1. Quote the relative contact order of the chain in percent (integer), defining contacts as alpha-carbon pairs under 8 Å separated by 6+ residues.
2. At a threshold of 8 angstrom on Cα-Cα distance, excluding pairs fewer than six apart, so keeping six or more, what relative contact order does the stretch 82-224 reach in percent?
3. With charges set only on the Cβ (+1 for Lys and Arg, -1 for Asp and Glu), what does the dipole of the chain come to about its Cα centre, in debye to the nearest 20?
4. Grab the Cα-Cα distance for R23 and K101, subtract it from 0.36 nm times how many residues apart they are, and report the gain in nm with one decimal.
5. Using a 1.4 angstrom probe on the protein heavy atoms only, line up R15, R216 by accessible area, largest first.
6. Tell me, what is the FRET efficiency for I239 and R193 to the nearest 0.05, using R0 = 22 angstrom and their Cβ-Cβ distance as r?
7. Let me have the 222 nm mean residue ellipticity of the chain computed from DSSP H runs of 4+ only, each contributing -39500 (n - 2.57), with the sum over all residues rounded to the nearest 500.
8. Here are several values of Cα extents along the principal axes in Å: [x] 62, 52, 34; [y] 55, 38, 34; [z] 46, 43, 40. Which one was derived from the coordinates shown?
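The values are calculated or read from the model by the stated rules, or taken from the named source; none is laboratory data. Values in this document were obtained by computation on a predicted structure and should not be read as measured data. Note: ideal-geometry Cβ built from the backbone for every residue, glycine included; neighbour counts use all protein chains shown. Note: areas computed on protein heavy atoms with side chains; ligands, DNA, RNA excluded. Shrake-Rupley method; radii C 1.70, N 1.55, O 1.52, S 1.80 Å.
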Amino acid sequence: MNPVAGSGRAERDLRRVRGAFERAEIATEFVVTASAEEMEKRVRSAIVDGARLLFAMGGDGTVQAVVNAVAAERLDESAIAIGVLPSGGGNDFAAALRLPKDPAAMVARLRDATIRSVDVLRARTGDGATRLFVGGGGVGLDVEAARHASGAYRRWPGRSRYLASALRAWWEFEPLGVHVEFPDDDLPAIDARVMTAAVLNTPSYGAGLRVAPDARVDDGLLDVSILKNLNGAEVTRAIPRLFASGVLPDEYFVRKRARAVVLQTDRPSMFHGDGEILGPAPVRIEVVGNAIQVVAPGGN
């Protein structure tokens, strides 16, 4: 568990979640960690000790940490199942799995749950580092928004945290030149000046901002959503829609689906995945199909 996830929501949910496991008569060890590094170390230790069912209680960044720790053990992908107890500010991976929004309600449904295989995305950044992420990532405005979301606005709830961060970032942002290639697919390259070039495994990121509505977590493809450079009037019109539904007009985007993508930028830029800064561009992102086993409610 990441106790600071969701501006402390995970810590507030902990008592109810413990009670839900007890009522379900499922013996559970709770591990509270202070950082992603500590979480990954504790997960790897649990796996070495024989744990084969692991729950990530927090947001998408918490899930990312657990997934990378599992991958580091290099076990057969079917050996370990990962459950998600959504308690973060942005729970877009959980939403893509159609999990209950209440983590205690998710525990109550475990007896009828199934195990399903889903994809993750692998990013190799310009410094040579490789990292898996589960939801969405990108370059441009959303990187600056991610910094604000983990800083000045970290205690704001849900979508408002990410929208306030994005507006703050937009005020200071200069359009970014991107060159987008699809090395494993017969798609033409794209050159554009943009606000964001995003790559998603899930339909949404940033607590429900639906920038890739056709994305699926089990189709073997990633979704590229390029948000064009918007003027002030377009941003003003977009704000109410984002708060209400998390949806922007389709004409604001260029969208492609592929197995891999390479993003290059015309100035030094960082790439984020699940709101975590992963490294500098250029970055190659590819699908890792059926990479993990996840716990999902029956019928999913």
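1. Details: 676 pairs, mean separation 69.6, N = 300.
Relative contact order here is 23 percent.
2. Working: 213 pairs, mean separation 38.9, N = 143.
Once normalised by length, the contact order is 27 percent.
3. Values: 37 positive and 38 negative charges, 194 e Å.
So the dipole magnitude of the chain works out to roughly 940 debye.
4. Values: separation 78, 0.36 × 78 = 28.08 nm, distance 1.91 nm.
Taking 0.36 nm per residue and subtracting the Cα distance, the gain is 26.2 nm.
5. Details: R15 205, R216 130 Å².
The most accessible residue leads, giving R15, R216.
6. Values: r = 22 Å, r/R0 = 0.99.
My answer for the efficiency is 0.50.
7. Working: 8 runs with 94 residues, N = 300.
The helix contribution divided over the chain gives -9500 deg cm²/dmol.
8. It is the value labelled [y].
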